[in-house]
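Student: Just dropping this structure here.
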C-alpha cells in the first residue's frame, strides 16, 4: 500500500480576539479571531496535515505567546515561527532563546518596504543565528529583493526562505494590475543555493476566479528557476480571506493540470519537510 504524502501549508496565522490581556498592535484583515482549534478544523476539512504557524506581526509584533499556546494544544500539527527584531540590542541572545523553544522550526525578519543596508548588524546577526541553530530564516522582502540577494550572499550557510513568492500581495481585491511585475528579481534569487521560496498566497495575485488559471505561467517560471525542491506551497491564511476561502487556496493546487503528481507532492509538503526538518504528526 502506498502511503499518502503529507500536505503541509507553509504559512498560516492564528490569533485570538483583541483583548487588554493580549492587545493587538494593528489590524490584520480577517475574522475577529482564528483560534488554533478553528485553524485545525479548517485544515482537517480539506486534508491539510500540518502547517507552519507564523505569529502575525501586525497584531503581536515580536510576541509569539499565542502561537506557542496553539502549539502546546496541538503539538503535532504546527511548527512555530515568529518575527525577530533586528533593532534589538540583544538580538543574538534573542535568537538563541527562540531557537531553543519547543515547537520552533524557524524565525522571520520583515524588510518589505523598509530601508536597511546590507551590512545591518541586526539582520546579519539573525541570519547568522539561523545558520548556527540550523533553522531557516523566513524573510518578508517584497519590493526589497536586491537587498535580500545581498544578505543571502553574505550569509551563505543560512537557509533563507522567501515569503509570498517574493511579491507584494493584496489584502483586499483587486490584485495589482501587473502582480508579477517584479518577477525578474524573484527569479534572480534562484541563483543563490541557500534561498528557497514560499509559493504562499499566490492565488491572491490572480485576476480570474478559482482555480486561478492566470497565475500558472509565472509560477511555472519560478518552479523552473528554483526547482520544486526549493518551492513550498502555502495559503497565507487568514490574510487571504477577502480574496478566497481556505479550501480554494488548497484545492487550486490539487486540481491544476500544471503539476505532475510528483511535483505536487514535493511542492505541497515534501520540500517543506526537508527544508525545515519537520513534519506534522496527528498524534502529537
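Student: Given a Förster distance of 45 angstrom, what is the FRET efficiency for residue 251 paired with residue 17, based on the Cβ-Cβ distance and rounded to 0.05?
Tutor: 0.95
Student: A further question follows. With Cα extents along the principal axes in Å defined as stated, name the option among [x] 65, 60, 29; [y] 114, 40, 32; [z] 49, 43, 40 computed from the structure displayed.
Tutor: It is the one labelled [z].
Student: On average over all directions, what projected area in square nanometres does segment 12-130 have, based on the convex hull of its Cα atoms?
Tutor: The directionally averaged projection comes out at 8.1 nm².
Student: For n ≥ 4 DSSP H runs only, could you compute -39500 (n - 2.57) per run for the chain, divide by its residues and tell me the 222 nm figure to the nearest 500?
Tutor: That comes out to -9000 deg cm²/dmol.
Student: While we're here: Sticking with the crude label model, points 7 Å out along Cα→Cβ, report the distance from residue 221 to residue 207 in nm, one decimal please.
Tutor: 1.5 nm
Student: Simple spin-label model, 7 Å along Cα-to-Cβ: residue 262 to residue 58 in nm?
Tutor: With each label placed 7 Å out from Cα toward Cβ, I get 4.0 nm.
Student: With contacts defined as alpha carbon pairs under 8 Å and 6 or more residues apart, what's the relative contact order of the chain in percent?
Tutor: Rounded, it is 22 percent for the chain.
Student: When the chain is modelled as a GNM with alpha-carbon springs shorter than 10 Å, which of 273, 67, 181 fluctuates the most?
Tutor: The residue that fluctuates most here is 181.
Student: Quick check on the exposure proxy: order 233, 98, 216 from fewest to most C-beta atoms within 10 angstrom.
Tutor: 216, 98, 233
Student: From Cα pairs below 8 angstrom and at least 6 apart in sequence, can you work out the relative contact order of segment 162-258, rounded to a whole percent?
Tutor: About 33 percent, as a whole number.
Student: Multiply the residue gap between residue 69 and residue 29 by 0.36 nm, knock off their C-alpha separation, and tell me the result in nm, one decimal place.
Tutor: 12.2 nm
Student: What is the distance, in nm, between label points placed 7 Å from the Cα along the Cα-to-Cβ direction at residue 281 and at residue 143?
Tutor: Here the answer is 4.3 nm between the modelled labels.
Student: Going by average Cβ neighbours within 10 Å, how do the peptides 195-204, 49-58 rank, with the highest at the top?
Tutor: Most protected by this proxy first, the peptides run 195-204, 49-58.
Student: Related question: So what does log10 I(q)/I(0) come out to for segment 181-284 at q = 0.12, 0.23 Å⁻¹, using the Debye formula with one equal point on every Cα and no solvent?
Tutor: Debye intensities relative to I(0), on a log10 scale: -0.40, -1.39.
Student: May I ask you to sort 163, 257, 94 by Cβ crowding, counting other Cβ atoms within 10 Å and putting the fewest first?
Tutor: 257, 94, 163
Every number in this text was worked out from the coordinates using simple rules, so none of it is lab data. This structure is a prediction, so every number in the text was calculated from the model and none was measured. Cβ: placed from backbone, ideal geometry, glycine included. Neighbour counts: every protein chain shown.
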